[in-house]
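Enquirer: Encoded as C-alpha cells, here's the structure I'll be asking about.
A short reminder: the numbers here are calculations on the coordinates, not readings from a lab. What you are looking at is a predicted structure, and each value in this text was computed from that prediction instead of being measured. Counting neighbours? That spans all protein chains shown, and the Cβs are built from the backbone with ideal geometry, glycine included.
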Amino acid sequence: MKKIGLSIGIIFVTVIAVFLLTRQINDTVGEIRFVVKDQSDNIIIDDRLAFSEDDDLVTILEDNYTVYCASETYQPTLNCDTTFVNGRVILGIEDIVTDWNNTYIGIYINGTYSSVGVDSIALRDGDTIIFEVMTLGDE
C-alpha cells in the first residue's frame, strides 16, 4: 500500500515538473542580444535575453538589471511608470546613468539608430539592441 502511494506521488510530481518545464520553454518566443556602452565606447553589458510574446523591452530590462527611468522632471528614478508623449525614457542601466542635459542613451537596433523610443521597439528574435551613452551635440 505504501509503495502505491509513493508511486502515485512520484508520478504526480513528475507530471507537474514536465508541465512547468514545457510551459516555460513554450513561453519563450526569442532572444535578443543586449549591449550597453559607456561614453568611451567601452562595452559594459553584453548579454543574451530571452523574451516571450507578452514582453516589451522595458520589462525585460527591469527583470534583468537596475533600470533608471526619467521622472516627471527628468530625474533618474527606479520607478518606470512615468510616460511621456513618446513613452518612457530610460536614463540608465546598472551603473551607467545619464543626466539628460548633457548626455542621453542612444538606442541602436542591428546597428541602425532607432527613430522610436523604448516603448515602440518591437522585439524580434536575433536582434541586437545597443544602448550607448551619447553627448548632446555629438553625432
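Enquirer: Let me know the charge dipole size of the stretch 30-135 about its Cα centre in debye, to the nearest 20, where only the beta-carbon of Lys, Arg (+1) and Asp, Glu (-1) is charged.
Expert: Magnitude of the dipole: close to 320 debye.
Enquirer: If we count every other residue with Cβ under 11 angstrom of Ile32's Cβ, Lys/Arg +1 and Asp/Glu -1, where does the sum land?
Expert: So the environment of Ile32 carries a net charge of -2.
Enquirer: For the stretch 30-135, report the translational diffusion coefficient in µm²/s to the nearest whole number, using Stokes-Einstein at 4 °C, 1.567 mPa s, and a Kirkwood Rh over Cα pairs. Please report the intermediate quantities before stating the final value.
Expert: On the way: Rh = 13.8 Å.
Answer, rounded: 94 µm²/s.
Enquirer: Check Asp56: other-chain or 5+ apart residues with amide H under 5 Å from its amide H, H built from backbone geometry?
Expert: none
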